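**Student:** Once you've had a glance at the structure underneath, I'll fire off some questions.
The values are calculated or read from the model by the stated rules, or taken from the named source; none is laboratory data. Please read all numbers here as calculations on a predicted model, not as lab measurements. Note that we place each Cβ from the backbone using ideal geometry, even for glycine, and neighbour counts take in every protein chain shown.
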């Protein structure tokens, strides 16, 4: 009976290995599969095969884990055009967040692919669905900047959008909103890398370059 249960779970985990979209998750599933196969061989009274499987599984898991750090991976990032925060010039994005992501991608050998949407809400939906790896949000993992928002002619505008206006009529400050970078998978290798990369000292340096220490 035990062998049937273990075999069922082995097949199930194998499916997860092949269809998982995240490298780190595949790595975890492969580790679980190796453990299950060792247990199956033990149940079938084949300890020599179980030992071999354990050794091969450990070697393969370690190899995949190390390789995942070295390969050139692509990160899909959901962004919204907001002056200073994230701007687009022809086919290139610039601003605080693109600068952070550029430095991060150089440090860990990632390629950044931007997915432009119209609102922060759309960014959040893409993140929740797992269609992007990370994106700009008003609540999330890594705080970027606290920005005042104003109501101008019944339209919400950020401080950076406001200073670009020619007319300053009917202006009323309504709130401060905090920009974050939010990851879709908190267990991903990229999330762990960014956690190590993104420090308060680094952020202060970036904001100082944009002269934004006191807004």
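**Student:** Going by what's in this entry, would residue 102 be described as in contact with a strand residue (DSSP E or B) (Cβ under 8 Å, 6 or more places away or on another chain), assigned to a helix (DSSP H, G or I) and in contact (Cβ under 8 Å) with a residue 60 or more places away in the chain?
**Tutor:** Numbers: in contact with a strand residue (DSSP E or B) (Cβ under 8 Å, 6 or more places away or on another chain): yes; assigned to a helix (DSSP H, G or I): yes; in contact (Cβ under 8 Å) with a residue 60 or more places away in the chain: no.
Here the answer is no, as residue 102 does not meet what is asked.
**Student:** Same structure, new question: Any residue at all in region 70-79 that is modelled with pLDDT under 95 and part of a helix (DSSP H, G or I)?
**Tutor:** Yes; the residues of region 70-79 include at least one that is modelled with pLDDT under 95 and part of a helix (DSSP H, G or I).
**Student:** Tally time: how many residues in region 144-163 are part of a strand (DSSP E or B) and within 21 Å of residue 206 (Cα to Cα)?
**Tutor:** Here is the first cut: in region 144-163, the ones part of a strand (DSSP E or B) are 144-152, 155-158.
Pick out the ones that are also within 21 Å of residue 206 (Cα to Cα) and you get 144-148, 158.
Qualifying residue count, region 144-163: 6.
**Student:** Let me ask you something else. Can you name the residue in region 165-195 that is in a helix (DSSP H, G or I) and touching a helix residue (DSSP H, G or I) at 6+ places or on another chain (Cβ under 9 Å) and is also surrounded by the fewest Cβ atoms within 10 Å (Cβ to Cβ) among such residues?
**Tutor:** Quick first cut of region 165-195, residues in a helix (DSSP H, G or I) only: 189-195.
Pick out the ones that are also touching a helix residue (DSSP H, G or I) at 6+ places or on another chain (Cβ under 9 Å) and you get 189-194.
On the way: 189: 18, 190: 21, 191: 17, 192: 13, 193: 16, 194: 22.
The selected residue is 192.
**Student:** Is it the case, given these coordinates, that residue 125 is under 20 Å from residue 192 (Cβ atoms) and out of contact with any strand residue (DSSP E or B) (no Cβ under 6 Å at 6 or more places or on another chain)?
**Tutor:** Numbers: under 20 Å from residue 192 (Cβ atoms): no; out of contact with any strand residue (DSSP E or B) (no Cβ under 6 Å at 6 or more places or on another chain): yes.
When the stated conditions are applied, residue 125 does not pass them.
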